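The values are calculated or read from the model by the stated rules, or taken from the named source; none is laboratory data. Since the structure is predicted, the reported quantities are computational estimates derived from the model, not experimental observations. FYI the Cβ positions are ideal-geometry reconstructions off the backbone, even for glycines, and counts take in every protein chain you see.
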Amino acid sequence: MKITDNIANNEMPMWHGKDIYFVSDQGPNKRFNIWKYNLDDKQSIQLTEFKDFDIHFPSIGSDDLVFEAAWKIYLLSLSSKEYKEVDINVVTDEITLLPQKKKVSKQIQNSSIAYNGNRVLLEARGDIFTLPAKHGFVKNITQTSGVAERFPAWSPDGKMIAYWSDKTGEYQLTIQDLEKNGKEKTLTSFNSGYRYNIYWSHDSKKLAFIDQAMKIKIYDFDSDKIVDVDQGLYMYEGDLRNFTVSWSSADG
């Protein structure tokens, strides 16, 4: 017995008593919806009214019919012919990987004031932020989930920001060029180790710092090289974090 006689796509028949449920795009919206054909009155009626998405994967049970539409699961009651979305709560450890908003005001570790005193750089939770001295916007200038940036330093000419980033797997000296919309550039290729506060020369052409081995180094932008200056003695974590540099006015 042929129960459909149209040019539409009629698929996935499901028998329930004297009713046959199936999906068809014969409706005015030309979308796959659930239809029902009754063997007694030989009439087909449309049960769902999805206009923007097709119905997929229908499956019938003793009391309900389940289907998917627009990436959501729906349940259609065979007695009332009403349908509703099924709330699905997937419990998994991967929920910890979802993006989250965090307050970082109590997790600030290192800072650097801009050359004109109008803004300040702050390090918190492995990201670098820039904040106004009085009024203005707060901006996360790194926004690198899973990457740690440390010890930010603003260049005296206000054109660049330097910091350490472990984006490559090891902490590397990194800069953002503020004149090129914050374009990031990695300056070093260290294999291992940890380094501390960064100190700009007055002409913004050199960077000085100390590493975990107490070695004092200078990066020169003109030569794109690092020079070993000296090495400290008996300096532990606290001493290394508090190590400071004072550049001469001639930066010689």
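If you check SER59 against the conditions, is it out of contact with any Gly (no Cβ under 7 Å at 6 or more places or on another chain), of a type in the set (S, T, N, Q) and in a strand (DSSP E or B)? Spelling it out, SER59 is indeed out of contact with any Gly (no Cβ under 7 Å at 6 or more places or on another chain), of a type in the set (S, T, N, Q) and in a strand (DSSP E or B).
If you go through the range 157-183 and keep only what is touching a residue at least 40 places away in the same chain (Cβ under 8 Å), buried (at least 17 other Cβ atoms within 10 Å of the Cβ) and not small (Gly, Ala, Ser), you end up with MET160, ILE161, TYR163, LEU173.
Residues of the range 220-247 that are β-branched (Val, Ile, Thr) and either part of a loop (DSSP other than H, G, I, E, B) or at positive phi (or both): THR244, VAL245. Of all residues in the range 34-47, those being within 16 Å of TYR74 (Cβ to Cβ) and out of contact with any Leu (no Cβ under 7 Å at 6 or more places or on another chain) number 1.
Going through the range 72-88 one residue at a time, which ones are in contact (Cβ under 8 Å) with a residue 12 or more places away in the chain and either under 19 Å from ILE20 (Cβ atoms) or surrounded by 13 or more Cβ atoms within 10 Å (Cβ to Cβ) (or both)?
Within the range 72-88, the first condition is being in contact (Cβ under 8 Å) with a residue 12 or more places away in the chain, and the residues that meet it are 72-74, 76-79, 81, 83, 85-86, 88.
Hits for the range 72-88 are ILE73, TYR74, LEU76, SER77, LEU78, SER79, LYS81, TYR83.
From the list ILE198, ILE210, ILE226, ILE218, the one residue that fits, being in the same structural domain as GLU149 (by TED's automatic domain parsing), without any contact (Cβ under 8 Å) to a residue 24 or more places away in the chain, surrounded by 16 or more Cβ atoms within 10 Å (Cβ to Cβ) and of a type in the set (A, V, I, L, M, F, W, C), is ILE218.
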